[in-house]
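These notes concern the structure reproduced below.
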């Protein structure tokens with residue numbers, strides 16, 4: 001069963017609009033939004049939530065003011081600058097607390113509590129294109145790779161239970177913790193970029209990351225007609241980097257119009273851009289299937305079958 | 001004044017706004033790229049880089065000959081970065097958050113400080129007048145906040161910290177990297193676009209940053225696209241919209257060529273000069289309100 005993810009490095013290149021269209025094309029995928037920090041896919045897919053669960057990850061340190069002797073050892077040992085000493089007494093800033101437990105361990109008065117940290121919620125939902133696994137971190141919460149790993153595990157379970165042949169995920173921007181977590185065990189990564197210096201720069205970094213984890217990739221240049229020269233450069237770069245150039249999609253106001261109406265662009269209009277998207281999707285499935293059946297054993301281990 | 005240019009959604013124009021603001025700024029200023037996962041500001045400001053440093057984080061190095069396998073380190077570590085299996089001590093430096101707990105707790109002094117490379121801090125000058133700082137995360141490194149702290153520490157050592165203003169280009173999102181980038185600021189400028197995605201993530205960003213108690217203001221990019229939800233929300237939250245940049249294909253094309261909008265298009269220079277003025281005005285008003293509230 002292939003697992004396909006759409007990522008980009010740079011934000012705002014069109015990952016989510018494309019993932020939504022792919023979900024429409026796929027028809028029988030388990031859909032997964034792995035941008036747990038600023039998820040948007042639900043705005044188009046309008047999921048009906050069936051299961052809602054709290055997400056706890058790690059702990060946070062809290063000083064009990066009555067027990068604190070104001071010795072200052074916690075402030076001295078904290079590497080994250082999370083302990084402040086306002087006139088009212090020592091206090092830990094939850095936004096800076098890393099949850100490392102060092103202050104809890106060494107406080108001579110035993111005055112620091114270490115409760116579980118409630119970081120967000122995750123959901124299993126039903127959409128018009130199939131089941132969907134998604135989440136929402138609380139604002140300012142730790143951007144947990146653990147939540148991404150949890151969603152992927154739930155998606156696999158759901159795929160097996162419901163006999164679905166594919167997992168399609170929308171990834172987060174960047175190349176840090178949530179993106180790394182979303183790549184382990186993935187069969188194919190669609191890299192969405194735009195013909196701008198930022199798009200190109202970030203494409204190269206996210207492609208490097210995929211190479212690092214031995215994930216095969218293909219590239220889609222979105223809004224390609226904004227700068228045809230840069231688009232050609234990216235195509236040449238793909239040849240040299242041995243990644244497949246999947247498509248050059250034109251800038252099309254239909255993408256935003258569809259979004260406003262909560263539709264995928266392929267539902268909004270069947271021609272033009274949608275034809276190109278359909279063609280790319282067919283190729284992506286071929287490449288994902290090829291990878292999933294050929295070399296599973298040599299790749300990164302999956303956390304669950 | 002330290003201004004952080006942030007957004008919930010990526011690709012709304014943070015870097016465009018940060019670059020153009022720095023370009024028109026009429027006082028000494030440093031432009032700082034804290035989107036260390038995907039730094040882009042240098043692609044537009046094209047600075048002369050005069051210094052580079054590798055940033056590292058402390059991780060434990062084990063001397064197993066001293067280890068008695070008491071497990072104190074493994075029991076304390078919250079990140080599964082060190083474990084004891086029977087009489088084998090294993091460290092996983094990639095998992096380490098650098099808290100120093102294992103070194104402090106080991107009764108045998110079997111652990112000593114080593115280092116893991118986070119990435120690079122680089123600095124220089126753009127257009128002969130704009131101080132420039134950036135971080136670039138090593139590909140494969142998961143944690144960006146420690147590298148961001150290294151960039152901030154570098155600025156603190158430079159004359160820019162005391163002599164001028166600072167404009168921070170923040171990473172997208174609303175979680176720990178984004179919070180870390182706006183923490184040093186006096187004022188947060190949220191860049192959004194009036195689409196359903198832009199609006200949704202704008203609300204998330206507003207909710208994430210509001211507890212910090214810093215004045216916030218909005219810039220609406222690609223105005224005319226989508227709908228009016230963002231404008232309505234700003235009005236209801238008393239969040240001033242300092243400028244609206246119209247949706248215009250010429251702007252997108254200038255951006256695609258790596259141009260600073262305020263440099264490439266005369267009318268954009270005016271837009272950003274006015275934005276600079278209204279930013280300072282808003283900072284001043286917010287400051288006076290704060291003083292009045294404390295009086």
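The values are calculated or read from the model by the stated rules, or taken from the named source; none is laboratory data. Everything numeric in this text was worked out from a predicted model, so none of it was measured. Heads up, the Cβs are rebuilt from the backbone with ideal geometry, glycines too, and the neighbour counts pull from every protein chain shown.
Take the conditions (1) touching a residue at least 12 places away in the same chain (Cβ under 8 Å); (2) within 14 Å of chain A (Cβ to nearest Cβ); residue B:104 misses just one of them, which is (1). Against the conditions (1) surrounded by fewer than 20 Cβ atoms within 10 Å (Cβ to Cβ); (2) under 21 Å from residue B:175 (Cβ atoms); (3) touching a helix residue (DSSP H, G or I) at 6+ places or on another chain (Cβ under 8 Å), residue A:78 satisfies every one except (1). Looking at A:175, A:180, just one residue is under 30 Å from residue B:79 (Cα atoms), within 11 Å of chain B (Cβ to nearest Cβ) and not in a helix (DSSP H, G or I), and that residue is A:175.
For every residue, the table says whether it meets (1) within 29 Å of residue B:36 (Cβ to Cβ); (2) surrounded by fewer than 19 Cβ atoms within 10 Å (Cβ to Cβ); (3) free of Cβ contacts under 8 Å to residues at least 24 places away in the same chain.
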position	(1), (2), (3)
A:189	yes, no, no
A:212	yes, yes, yes
A:227	yes, no, no
A:243	yes, no, no
A:274	no, no, no
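Here residue B:174 fulfils each of the conditions (1) within 29 Å of residue A:46 (Cβ to Cβ); (2) within 11 Å of chain A (Cβ to nearest Cβ); (3) surrounded by fewer than 24 Cβ atoms within 10 Å (Cβ to Cβ); (4) modelled with pLDDT under 95 apart from (3).
Listed here are the residues, each with its yes/no results for (1) away from chain B (no Cβ under 14 Å); (2) under 30 Å from residue A:19 (Cβ atoms); (3) in a loop (DSSP other than H, G, I, E, B).
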site: A:100; (1), (2), (3): no, no, yes
site: A:109; (1), (2), (3): yes, no, yes
site: A:117; (1), (2), (3): no, yes, no
site: A:122; (1), (2), (3): yes, yes, no
site: A:126; (1), (2), (3): yes, yes, no
site: A:133; (1), (2), (3): yes, yes, no
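Has the stretch B:19-29 got at least one residue that is within 18 Å of the chain's Cα centre (by Cα), under 16 Å from residue B:167 (Cβ atoms), within 14 Å of chain A (Cβ to nearest Cβ) and part of a loop (DSSP other than H, G, I, E, B)? Looking for residues that are within 18 Å of the chain's Cα centre (by Cα), under 16 Å from residue B:167 (Cβ atoms), within 14 Å of chain A (Cβ to nearest Cβ) and part of a loop (DSSP other than H, G, I, E, B), one finds none in the stretch B:19-29, hence no.
Of the residues making up the stretch A:185-212, those that are at the interface with chain B (Cβ under 7 Å from one of its Cβ atoms) and not in a helix (DSSP H, G or I) are A:195, A:196. Residue count for the stretch B:155-171 under the criterion of being within 14 Å of chain A (Cβ to nearest Cβ) and in contact with a helix residue (DSSP H, G or I) (Cβ under 6 Å, 6 or more places away or on another chain): the result is 3.
Only one entry of A:231, A:256, A:217, A:196 meets the criterion of being out of contact with any helix residue (DSSP H, G or I) (no Cβ under 7 Å at 6 or more places or on another chain) and crowded, with 20+ Cβ neighbours inside 10 Å, and that entry is A:256.
Of the candidates B:9, B:80, the single residue that is in a loop (DSSP other than H, G, I, E, B), surrounded by fewer than 18 Cβ atoms within 10 Å (Cβ to Cβ) and within 12 Å of chain A (Cβ to nearest Cβ) is B:80.
Checking B:235, B:289, B:280 one by one, the residue that is over 16 Å from residue B:187 (Cβ atoms) and surrounded by fewer than 19 Cβ atoms within 10 Å (Cβ to Cβ) is B:235 and no other.
The sole residue among B:152, B:179 that is assigned to a helix (DSSP H, G or I), within 8 Å of chain A (Cβ to nearest Cβ) and within 17 Å of the chain's Cα centre (by Cα) is B:179. Applying the condition of being within 14 Å of chain A (Cβ to nearest Cβ) and over 16 Å from the mean Cα position of the chain (by Cα) to the stretch B:119-141 and asking which residue is nearest to residue B:51 (Cα to Cα) yields B:138.
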